[in-house]
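Since the structure comes first, as structure tokens, the remarks are kept for the end.
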Amino acid sequence: MLENSSTLKAFAVLEAVVAARAPVTLAELMQATGMPKPSLHRTLALFEEAGLISREPTGRAYMPGQRLARFSLDVLQHDAVAAMRRTVLRKLVADLGETCNLSVLRRGELVYLDRVEADWPLRLHLPVGTMLPPHCSASGKLLLAFKPMHERDALIEAMPLQRFTDRTITDRQLLAAELDRIAARGYAVDNEEYVLGVACVAVPVREMDGAVPAAVAVHAATARLPLSRALEFLPTLSTAAAAIAETFA
């Protein structure tokens, strides 16, 4: 009887969109949910207006929206694995004295999976769930660098490469060359490429098979922590990344 409630039927639509793991069409959702086309269309329109789902550029298929993505991140923060990762980040912040974060790439955007703030009056407030363009962030560039080449090329081609400062890389060939250097040396930096006066260093979270699902990074105001000094944190960052990698197994 509960399965026939309108609320649960609507929730089943969200479940189907997420479970598809790729943009899903109206016809596919009708098959997955068993809902009639008029009811399904109304439900999708409501969810789209609320930001829970969005359409791909062609407008023919649906995928999770930013609001639903933030909801999923909030859920992840409460599970045991997230608690283990946060413990590692807290220790990292205590060791370095600067704000640190854990991030992933999702649909071409860098997303903060977790973040622990240092107790400084001058800091950049970017809460969990914040999405940033990958081309101008240390973690974003690092995660792009370790993608398979065909996937990396497709992501670069689709990015608008917006300029945020005079140090932002906005040329696709220059970005590709930067990603090659990052893959070779094993870490990435953001030298005031997103926000003037803020620098960042990121290292990979490597799984046993060599895959890099996430990045650990530290960032701070350059007036307090110049990039040259931030690079001295690489060994400590790598130790934290190795500890977090165990939670991805």
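Structure data summary
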| item | result |
| --- | --- |
| Meets criteria (assigned to a helix (DSSP H, G or I) and under 14 Å from Ala61 (Cα atoms)) for Leu44 | yes |
| Any helices (runs of 4 or more DSSP H) falling wholly within the range 80-181 and containing at least 2 residues that are within 24 Å of Gly197 (Cβ to Cβ) | 80-96, 138-145 |
| Unique match (being within 18 Å of Trp120 (Cα to Cα), touching a residue at least 24 places away in the same chain (Cβ under 8 Å) and either more than 19 Å from the chain's Cα centre (by Cα) or part of a strand (DSSP E or B) (or both)) among Ala202, Ala217 | Ala217 |
| Residues within the range 30-50 that are within 22 Å of Gln66 (Cα to Cα), out of contact with any strand residue (DSSP E or B) (no Cβ under 9 Å at 6 or more places or on another chain) and surrounded by 14 or more Cβ atoms within 10 Å (Cβ to Cβ), tallied | 3 |
| Flag if Arg67 is farther than 30 Å from Thr222 by Cα, in a helix (DSSP H, G or I) and not hydrophobic (A, V, I, L, M, F, W, C) | yes |
| Among (1) assigned by TED's automatic domain parsing to the domain that holds Leu142; (2) among the β-branched types (Val, Ile, Thr); (3) touching a helix residue (DSSP H, G or I) at 6+ places or on another chain (Cβ under 7 Å), the one test that Val93 misses | (3) |
| Pair list, Cβ under 8 Å, 6 or more apart: the range 134-155 residue within 11 Å of Glu109 (Cα to Cα), other residue modelled with pLDDT of 95 or more and among the basic types (Lys, Arg) | Pro134/Lys141; His135/Lys141 |
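The values are calculated or read from the model by the stated rules, or taken from the named source; none is laboratory data. As the structure is a prediction and not an experimental result, all values here were calculated from the model. Cβ coordinates were reconstructed from backbone atoms using ideal geometry, including for glycine residues, and neighbour counts include every protein chain displayed.
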